[in-house]
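Please treat every number below as a calculation from the coordinates, not as lab data. Please read these numbers as outputs of a predicted model, since none were measured by experiment. Note that each Cβ is placed from the backbone with ideal geometry, even for glycine, and that neighbours are counted across all protein chains shown.
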Amino acid sequence: MKRRRGEAPESGCLQGWAAESQALADRWRVRRGPLPPGRRGAQFLVGLTVITGLPAALPTLPLELTVLYNSLLFTLGASDSAIEGEAEGIHQGLLRVLEAFGSCEQDLSTEELWQKVLQEVTAEELQAPLHQLGALQAAWWLAAGRLGSTAGLFRLLSKPEDLGTARCSEQNEFLSLLKAWQVPAEEASLPLVQSAQELKEVLFTAAAFLLGLQELEAGNFPTALSLLQKAAEGFCSKRVLAQIYTCLGCCVQRMGKPQTALQQLKRALQIDFHCLPALSHAATVYHELGEANAELQVLALLYEALRENSQAGASSGPYFHIRTELLVHTPILASLLRHRHPSEVKYQLAQRCLQYGRVDDAVEHYLDFLALIQEGLQQQVPLDGSSALPRIPEVFLEAASALEQVGRHQDAITMCEEVISRTTDLIPQKLQLEERLEKPECLSPGAELAGGLLSQKERLCCLAWRTAGYLQQGWACAKLGQSKEAVTQFSRCLSDLLRVQLYVPGVEPAENLQPEVEVLQKIRLLSLIGRGAQFLELGKHKEALLDFQHSLQISPGDPAAASYLVQALWNLNRKQEAAARWQKLSQSPPEADWQPAGQRPFPLYLLSCLRQATFPHGESLARSIQHYLGTIQDPSS
């Protein structure tokens, strides 16, 4: 028999809907996973029929709101991605509640609707369904970062006496509001795929996690630590718990507690050994502690784990449609849990080995990394700037430095020649630095090269790579005993550096160009010292003296240049002048401790050249000068 418009549906129809909901919920609980598309569609169609096909009536509203709640849960759980957008279904459900009580408020926002419904609707049978929808609304707003709207909703859902009790037990206001909310008893005849109480526990964990991340980003580390610890005590999967402990490790690391940070990161790996960001952060902590062996072991383990490309996480335990990972998705979390690429870790291994003087291992890692480049590195690494991979010429130069240190001088020369040949056409004949010529660039590495246009900063980088190639070739030839060829390479380096006027009287380089200018100045200094040292080997002491004098003009007080200058003077038989300079030099700080004020660290590919530029004959020269001074003071001897 047809039902006339405005009449309540028959009880048999309601029982059929309830039975369908019960069957779907039972199947879900057995499977512990999302329903298949067909079943999700059936559940959603039931809710859609209830909401759009019948006029609102108080007797049917509890079932109607419960079906709406289940339908939205199924929809969200099926997406398996972060919750986004607005919950339009909840908005329509609230309008249905007001319609049942004879009110039409189509123009109200969702927040205004919640305020009106919770203040005016007091029917006991609607309290549990409304609280269920309120929890779902809170999840939506929390995922969108609307903490103010979420807090206001919980104030409406909670009783005043409960709010006062919760404030005494919880310092954070938002968490106190969430804790104060008392979930009404839910009717057993209306099955739920996820109870409001379970959703409350997920919301508390997600809120503590989100607030802890916000405090961590703001630099309020003690508060962040407290909130993240609350999140770790909450209700979540093992995968999320491992992520929370990883964030805890990062927090205490920034508080200056590296050993505690390691404990938290190890805890993360014990919970979920697939939490590879914890391994990455552990390597960083070991680096700060100066524990080279542990750092390299962790990096090697991380590289092997990434190569296996194992993305399976730890078992998540009971499955819920609304989960913490769907609610917390902030930039700082994405940064802390950034998925690194095997090539990136391989390069870091090469760098660390080179820095720690393990040059044999460094060579192996660099050659492996260069092989990956040949295979097509762009297919493995995103081009969005998130990777820590360097510019390719720097990799070649660092590899050349490692090869040179293991005695493979000819291979180092060949590696540098690759850099020189590829940068030849990218450098103009003249490059004039001007004050604040351009704004600092935000382009990703290689963007200017790809577009065919080079900024001044890029040209300076190319010039630094090319001249560093000549510099390394010069030192490699010197090690091979080819002094004339070494002089040629050092001279080519200096000739290229004449293309740019590094200092203009009264004009400072733009701030974003300062690092490149300092690197070029250092390359020029090392080239002059290197060429002067080879002039000494060839017996050209006057030419050597000029190079060392120019070196000291670039870097006054540089111990290596000053020592070589004394040697040149001594070889030219200007012994009195040499002795005077040596006496002044002996009162200066040791060469290893000498560092110009405010100087930035130099690129890794220059470190071997810096070591080779040190003066090797300090003790013998000192004995000769002391003997000479003794002779002057005692002519009879």
message: List the residues, sorted by chain then number, that are 5 or more residues from residue 237 or on another chain and whose placed amide H is less than 5 Å from its amide H.
response: 324
message: Using Stokes-Einstein with the Kirkwood hydrodynamic radius over Cα pairs, what translational diffusion coefficient do you get for region 87-201 at 25 °C and a viscosity of 0.890 mPa s, in µm²/s rounded to a whole number?
response: 167
- prompt: Taking 0.36 nm per residue of separation and subtracting the Cα-Cα distance, what length does fully extending residue 189 through residue 332 add?
  reply: 47.1 nm
statement: Of the listed links 200/266; 116/159; 179/257; 238/346; 159/179; 540/575, those spanning more than 22 angstrom between alpha carbons are 200/266; 179/257; 238/346
Long-range HN-HN contacts of residue 431 with modeled amide H, under 5 Å: 500, 501
Long-range HN-HN contacts of residue 105 with modeled amide H, under 5 Å: none
- prompt: Applying the Karplus parametrisation 6.51 cos²θ - 1.76 cosθ + 1.60 with θ = phi - 60° to the phi angles of region 144-154, what ³J(HN,Hα) value in whole Hz is obtained for each residue in order, glycine and proline being reported as x?
  reply: 8, x, 8, 5, x, 5, 5, 4, x, 5, 5
statement: Karplus ³J(HN,Hα) for region 616-622 (6.51 cos²θ - 1.76 cosθ + 1.60, θ = phi - 60°; Hz, whole; x = Gly/Pro) runs x, 10, x, 5, 5, 5, 4
- prompt: For region 264-310, what is the largest minus smallest coordinate of the Cα atoms on each principal axis, given in angstrom and ordered from greatest to least?
  reply: 30, 22, 11
statement: Sorted on mean Cβ neighbours within 10 Å (highest first), peptides 111-121, 210-220 come out as 210-220, 111-121
task: Report the full-extension gain for the segment residue 495 to residue 305: residue separation times 0.36 nm, less the Cα-Cα distance, to one decimal in nm.
output: 63.7 nm
Of 484/584; 457/522; 484/542, pairs whose Cα-Cα distance is over 22 Å: 484/584
